[in-house]
Amino acid sequence: MMQKLTVHEGLVAPMDRANVDTDLIIPKQFLKSIKRTGFGPNLFDNLRYLDEGEPGQDCSQRPVNPDFPLNFPRYQDASILLARENFGCGSSREHAPWALADYGFRCIIAPSFADIFYNNCFKNGILPVVLPADVVDALFAALYANEGYTLTVDLRAQRVVAPDGSEWSFDVDGYRKERLLEGLDDIGITLKSADAIRAYEARWREQSPWLFGGFDRPAS
Amino acid sequence: MAGMTLYDKLWHSHLVEERDDGSALIYIDRHLTHEVTSPQAFEGLRLAGRRPWRRDANIAVPDHNVPTDSAERKGGVAGILDPVSRLQVQTLDENCAEFDIVEIPINDVRQGIVHVVGPEQGITLPGVTLVCGDSHTSTHGALAALAHGIGTSEVEHVLATQCLLAQKMKNLQVRVSGRLGEGVTAKDLALAIIGEIGTAGGTGYAIEYAGEAIEALSMEGRMTLCNMSIEAGARIGLIAVDDTTIDYVRGRPYAPTGELWDKAVAAWRDLHSDPGAVFDRVVELRAEDVKPQVTWGTSPEMVAPVDGVVPDPDSMDSPTRAEAARRALEYMGLAAGTPIRDIRPDRVFIGSCTNSRIEDLRAAAAVVRGRRVADSVKQALVVPGSGEVKRQAEAEGLDRIFLDAGMEWREPGCSMCLAMNADKLGPGEHCASTSNRNFEGRQGAGGRTHLVSPAMAAAAAIAGHFIDVRELTEA
C-alpha cells in the first residue's frame, strides 16, 4: 500500500541546479539491488560523500562532503526538496523516487520535471509540484535567508503555503491526485476493468492475430 | 475532422478505456524485461499473489550488468565475478522461471541489449505498443511502434494487467529537410536536434521525425535517432512506416509469415500521419547544416560541431543555463573557448543501445581499418549490441580490424554506457563515447563523457583528439 499524502508541512532543503538527472539522484552501482528499500543513504551519493560509494557500505562511516547542502545541519530532517528545471531527467529508474522517499522527502517543488520521473513519483507517495520559475526563485531566496524554513503543501486544495501566509496554487491531474490522497493501488483499480481489457483483447486478436502467440518457437 | 498523427493512431488503436478523470487504460502488446528494473516488480506480484496477465506478450533478456569480458562471460551467470550483479541476473532467471516468461539467457547468441534484440528478432513490430523498464525504449518507435520507458511500478502493472494507466501526450513534429552530408550520421542529427530544442524541449510530447533526411535513413539510423528522443525530454520518438521499415521486418524470427504477413503489411501501411494532421509544435532543421557533433558538457544539449569551440557561459542568455554550463565546464575540466579538436579522450567506447548495431560497427571499422589507436588512448572498447551483431561483424572480419588497430572486442551488453559492470572510466578521464548520456559520473565516478557517432569515436581513437571524421576518410 502506498503512503497517502494529503497535507504535508515540512522543512525545505535546496537542490540548486538545473537538469538534475537520475544518475545524480541515485548512481548506477546502487541499481544492482533487488530490493525497493534502503536507497536513502545513497541519495545524491556522488555529491554527498567524498569517496566513491559502493553497495553495502555503512554510509555513516564515509567522509561527507561539507559543501553539499543536504549535509548542512540546518537541512537535517528536510522533507521538501526545492529544485530547478527539468528535475529527474534521464533514465526511467524508479530507484530515484525510492531513494528520495527512503531519505524522507515527500514533496519536490520545481519549475519543471522530466516525464518518467514525474510519473514515478506518484507511484511512491511523493508529490512533485510544478511552480512558475519566478516563484521558485523567490522560494530559494526565502529558503537561504531563513534557517528552519518550512512550507505547507496541501494536495487537496492544490496549494503551497509559506510561513508568511503567501500561497501559490499548482496543477495536478485528477487521477494522480485521487490516488495519492487515498494511497490507492493502481493495479487493484485497473483490475476492476478486467472485463473491458478482455473485450479489447478479443477485438484486437481478431484484428491483429500476428501479435498473439508469444516467443516460444525457436528463432530460425 | 483534421487528419490524425501517427501517434494519435497508435494511441486510439490501443485505447481500452477512457476515464472522466483524464486518465486512460492503454493495452500493451509487447513488454520487454531486463534484470535491473524488474526484480521489485516480480516481488510485488509475488506478495500480492498475482500472475502475469498474458505470458505471450513478455520476453526478458539480461543486458545491463552482464560482463563483456570474454573470459568472465564464458562462465555464464555463475561466472559473473561481482556477486551483487550475479544475484541480479540470477534473480531474472528465477523470476522468469517462476512466472513462466520466455527469457533469452546470458550466453544465447540472440542475447544483447534489449533495444537491439527487440527489432533484430522481430519482437518489435510496426503498430504495437511496447514498453520496457528503460528510458531508451523510445528506440523502437523507429518501427512506428508506440514505445516508451516505464518505471518498476508500471512494469508490475503491465505484468499484472497488460495495460498502462496513461495520459495522451502532445504531438511534436521534427521535420528535417535535405540530406545529411557524407560522414554525418543519425547520431549527429540527434545531437543537433537536442542542441536546438534542449534536453527538456520534448517534455510532454511524442516526437515524430519526418522529412527527406529521415526517409533517407536506414532502419538502424532511425533507431539511433528515436533512441535519443528521451535525451530531448520526449518519452516517445516515432517514424512512419515505409518500404525501408517493411523490408527490415520481413524474415525476422518473430515476424509474421505467409498470409499473416500480407495482412500485417496491409495494416502497417496506414501507420503514418495523415495529410493535414495537426501537430502541437513543429521544429524544422536543414540536414545540410548538420556537422559531426561532440558534446562538451554534462547534458546532451551541451553540444557543438567538431569545428566549434567550448562556449563561454558568460555569453549565455539565461542565468540558469550559464550556471549549468559553468558547473559543467568545471566538472569536465574544460575552459571556455577551447577548440573541440583539442579535447583528448583517454578512453573510447563504441557500443550501447544507441550505436552498437552492425552499421555502427561497419562505420567505425571503415575509419579504423589499417590504422592504430593513438598511444595517448588507454583503452578503446568495441561492444556489439547483441550476439547476432557480434556474429555478423566477425563474419565480415570487423573484429580483426578493431583488434589489429589495438582496440578490444567484447561480448554484448550495455557495458560502459552506464558502467554497471566492470567497464568504466576513472576519475577525470575523458571518453569519446557512442552512448547517449554525458551526465556526471554516468560512465564512472568523475568520468568525463563526450557523446559522438561511431565514426567520430573511431576517428578520435586514431587521432588521439577529436577530429572531423571526414578528414580521415577523405584523405
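Please go through region B:183-197 and pick out each residue that is open to solvent by 10 Å² or more (accessible area, probe 1.4 Å), within 17 Å of the chain's Cα centre (by Cα) and within 14 Å of chain A (Cβ to nearest Cβ).
Within region B:183-197, none qualify.
Given the residues B:426, B:446, B:441, which is the only one that is without any contact (Cβ under 8 Å) to a residue 12 or more places away in the chain, within 11 Å of another protein chain (Cβ to nearest Cβ) and either assigned to a loop (DSSP other than H, G, I, E, B) or acidic (Asp, Glu) (or both)? Outline the logic, then answer.
On the way: B:426 fails: without any contact (Cβ under 8 Å) to a residue 12 or more places away in the chain; B:446 fails: without any contact (Cβ under 8 Å) to a residue 12 or more places away in the chain.
Just one listed residue meets the conditions, B:441.
Taking strands (runs of 3 or more DSSP E) that fall entirely within region B:103-182, which contain at least 1 residues that are within 9 Å of another protein chain (Cβ to nearest Cβ) and open to solvent by less than 10 Å² (accessible area, probe 1.4 Å)? Before you say what the answer is, go through the steps one by one.
Numbers: elements: B:129-132, B:146-149, B:163-166, B:170-177.
Those strands (runs of 3 or more DSSP E) span B:129-132, B:146-149, B:163-166.
Determine, yes or no, whether residue B:126 is touching a Leu at 6+ places or on another chain (Cβ under 7 Å) and of a type outside the set (Asp, Glu).
For residue B:126, the condition - touching a Leu at 6+ places or on another chain (Cβ under 7 Å) and of a type outside the set (Asp, Glu) - is met.
Hey, among the residues in region A:47-77 that are within 14 Å of chain B (Cβ to nearest Cβ) and either among the aromatic types (Phe, Trp, Tyr) or part of a strand (DSSP E or B) (or both), which one's surrounded by the fewest Cβ atoms within 10 Å (Cβ to Cβ)?
A:68
Just to verify a result, which residue in region B:444-461, among those that are surrounded by 23 or more Cβ atoms within 10 Å (Cβ to Cβ) and more than 22 Å from residue B:225 (Cβ to Cβ), is modelled with the lowest pLDDT? Show your work before the answer.
The initial filter retains those residues of region B:444-461 that are surrounded by 23 or more Cβ atoms within 10 Å (Cβ to Cβ), namely B:444, B:447-461.
This time we only want the ones that are more than 22 Å from residue B:225 (Cβ to Cβ), so: B:444, B:447-448, B:461.
Working: B:444: 93, B:447: 97, B:448: 98, B:461: 98.
This residue is B:444.
Can you list residue pairs whose Cβ atoms sit under 8 Å apart, with the first residue in region B:21-49 being on the phi > 0 side of the Ramachandran plot and the second being crowded, with 20+ Cβ neighbours inside 10 Å? Count only pairs 6 or more apart in sequence or on different chains.
B:22/A:175
Taking region B:1-22, which residues are surrounded by fewer than 20 Cβ atoms within 10 Å (Cβ to Cβ) and either of a type in the set (A, V, I, L, M) or within 19 Å of residue A:186 (Cβ to Cβ) (or both)?
B:1, B:2, B:4, B:15, B:17, B:18, B:19, B:20, B:21, B:22
Could you pull out the residue among B:348, B:368, B:303, B:290 that is under 21 Å from residue B:426 (Cβ atoms), open to solvent by less than 40 Å² (accessible area, probe 1.4 Å) and at pLDDT 95 or above? Outline the logic, then answer.
Values: B:368 fails: under 21 Å from residue B:426 (Cβ atoms); B:303 fails: under 21 Å from residue B:426 (Cβ atoms); B:290 fails: under 21 Å from residue B:426 (Cβ atoms).
Being under 21 Å from residue B:426 (Cβ atoms), open to solvent by less than 40 Å² (accessible area, probe 1.4 Å) and at pLDDT 95 or above holds for just one of B:348, B:368, B:303, B:290, which is B:348.
How many residues does region A:7-41 hold that are of a type in the set (Val, Ile, Thr) and either free of Cβ contacts under 8 Å to residues at least 12 places away in the same chain or farther than 22 Å from residue B:439 by Cβ (or both)?
If we filter region A:7-41 for residues that are of a type in the set (Val, Ile, Thr), which is where we start, we get A:7, A:12, A:20, A:22, A:25-26, A:34, A:37.
Restricting the remaining residues to those that are either free of Cβ contacts under 8 Å to residues at least 12 places away in the same chain or farther than 22 Å from residue B:439 by Cβ (or both) gives A:7, A:12, A:34, A:37.
Count: 4.
When region A:1-46 is examined, which residues are found to be among the small types (Gly, Ala, Ser) and assigned to a helix (DSSP H, G or I)? Walk me through how you get there before you give the answer.
Filtering region A:1-46 down to residues among the small types (Gly, Ala, Ser) leaves A:10, A:13, A:18, A:33, A:38, A:40.
Of everything in region A:1-46, just one residue is among the small types (Gly, Ala, Ser) and assigned to a helix (DSSP H, G or I), namely A:40.
Looking only at region B:377-389, decide whether some residue is open to solvent by less than 30 Å² (accessible area, probe 1.4 Å) and within 14 Å of chain A (Cβ to nearest Cβ).
Looking for residues that are open to solvent by less than 30 Å² (accessible area, probe 1.4 Å) and within 14 Å of chain A (Cβ to nearest Cβ), one finds at least one in region B:377-389, hence yes.
Of all residues in region A:203-213, how many are surrounded by 15 or more Cβ atoms within 10 Å (Cβ to Cβ) and in a loop (DSSP other than H, G, I, E, B)?
Taking region A:203-213 as the starting set, the residues that turn out to be surrounded by 15 or more Cβ atoms within 10 Å (Cβ to Cβ) are A:204, A:208, A:210-211.
With in a loop (DSSP other than H, G, I, E, B) added as a condition, the list becomes A:208.
Adding up the residues that qualify gives 1.
Scan region A:87-111 residue by residue and report those that are under 8 Å from the mean Cα position of the chain (by Cα) and assigned to a strand (DSSP E or B).
Correct list: A:107, A:108.
Checking the condition aliphatic (A, V, I, L, M), closer than 18 Å to residue B:354 by Cα and within 14 Å of another protein chain (Cβ to nearest Cβ), which residue from B:234, B:200, B:264 passes?
On the way: B:200 fails: closer than 18 Å to residue B:354 by Cα; B:264 fails: closer than 18 Å to residue B:354 by Cα.
Going through B:234, B:200, B:264 in turn, the sole match is B:234.
Going by the conditions given, is residue A:139 in contact (Cβ under 8 Å) with a residue 60 or more places away in the chain, within 20 Å of residue B:319 (Cα to Cα), in contact with a Leu (Cβ under 9 Å, 6 or more places away or on another chain) and open to solvent by less than 10 Å² (accessible area, probe 1.4 Å)? Explain how you work it out, then say what you get.
Details: in contact (Cβ under 8 Å) with a residue 60 or more places away in the chain: yes; within 20 Å of residue B:319 (Cα to Cα): yes; in contact with a Leu (Cβ under 9 Å, 6 or more places away or on another chain): yes; open to solvent by less than 10 Å² (accessible area, probe 1.4 Å): yes.
Taking the combined requirement at face value, the residue satisfies it.
Residues in region B:74-83: is at least one open to solvent by 10 Å² or more (accessible area, probe 1.4 Å) and within 11 Å of another protein chain (Cβ to nearest Cβ)?
yes
Being within 24 Å of the chain's Cα centre (by Cα) and facing chain A (nearest Cβ under 9 Å) is the filter here; which residues of region B:84-100 pass it?
If the condition is that a residue be within 24 Å of the chain's Cα centre (by Cα) and facing chain A (nearest Cβ under 9 Å), then B:85, B:88 are the ones that fit.
Can you pull out the residues in region A:99-133 that are open to solvent by 10 Å² or more (accessible area, probe 1.4 Å), touching a Phe, Trp or Tyr at 6+ places or on another chain (Cβ under 8 Å) and within 9 Å of another protein chain (Cβ to nearest Cβ)?
A:112, A:113, A:114, A:124 - these are the residues of region A:99-133 that are open to solvent by 10 Å² or more (accessible area, probe 1.4 Å), touching a Phe, Trp or Tyr at 6+ places or on another chain (Cβ under 8 Å) and within 9 Å of another protein chain (Cβ to nearest Cβ).
Enumerate the helices (runs of 4 or more DSSP H) found wholly within region A:112-202, keeping only those where 1 or more residues are closer than 26 Å to residue A:74 by Cβ.
On the way: elements: A:115-122, A:133-145, A:174-182, A:186-191.
So the answer is A:115-122, A:133-145.
Return the residues of region B:220-253 that are open to solvent by 10 Å² or more (accessible area, probe 1.4 Å) and among the charged types (D, E, K, R); say none if nothing qualifies.
Of everything in region B:220-253, those that are open to solvent by 10 Å² or more (accessible area, probe 1.4 Å) and among the charged types (D, E, K, R) turn out to be B:220, B:235, B:242, B:243, B:247, B:250, B:252.
Please indicate, with yes or no, whether at least one residue in region B:330-338 is buried (at least 21 other Cβ atoms within 10 Å of the Cβ) and under 20 Å from residue B:468 (Cα atoms).
Looking only at region B:330-338, we keep the residues that are buried (at least 21 other Cβ atoms within 10 Å of the Cβ), and these are B:332.
Pick out the ones that are also under 20 Å from residue B:468 (Cα atoms) and you get none.
For region B:330-338, residues buried (at least 21 other Cβ atoms within 10 Å of the Cβ) and under 20 Å from residue B:468 (Cα atoms): absent.
Mind listing whichever residues of region A:158-197 are without any contact (Cβ under 8 Å) to a residue 40 or more places away in the chain and more than 14 Å from chain B (Cβ to nearest Cβ)?
Within region A:158-197, A:158, A:159, A:161, A:162, A:163, A:164, A:165, A:166, A:167, A:168, A:169 qualify.
Name every residue in region B:58-75 that is closer than 19 Å to residue B:154 by Cα and small (Gly, Ala, Ser), in order of residue number.
B:60
In the list B:192, B:216, B:186, which residue meets the criterion of being touching a residue at least 24 places away in the same chain (Cβ under 8 Å), touching a strand residue (DSSP E or B) at 6+ places or on another chain (Cβ under 8 Å) and not polar (S, T, N, Q)? It would help to see each step written out before you state the result.
On the way: B:216 fails: touching a strand residue (DSSP E or B) at 6+ places or on another chain (Cβ under 8 Å); B:186 fails: touching a strand residue (DSSP E or B) at 6+ places or on another chain (Cβ under 8 Å).
None of the others qualify; the one that does is B:192.
The values are calculated or read from the model by the stated rules, or taken from the named source; none is laboratory data. What you see is a predicted model, and the numbers here were worked out from it, not measured in a lab. Positions of Cβ are backbone-derived with ideal geometry, glycine not excepted, and every protein chain shown enters the neighbour counts. Remember, those area values only see protein heavy atoms, side chains included, never the ligands or the DNA or RNA. Shrake-Rupley method; radii C 1.70, N 1.55, O 1.52, S 1.80 Å.
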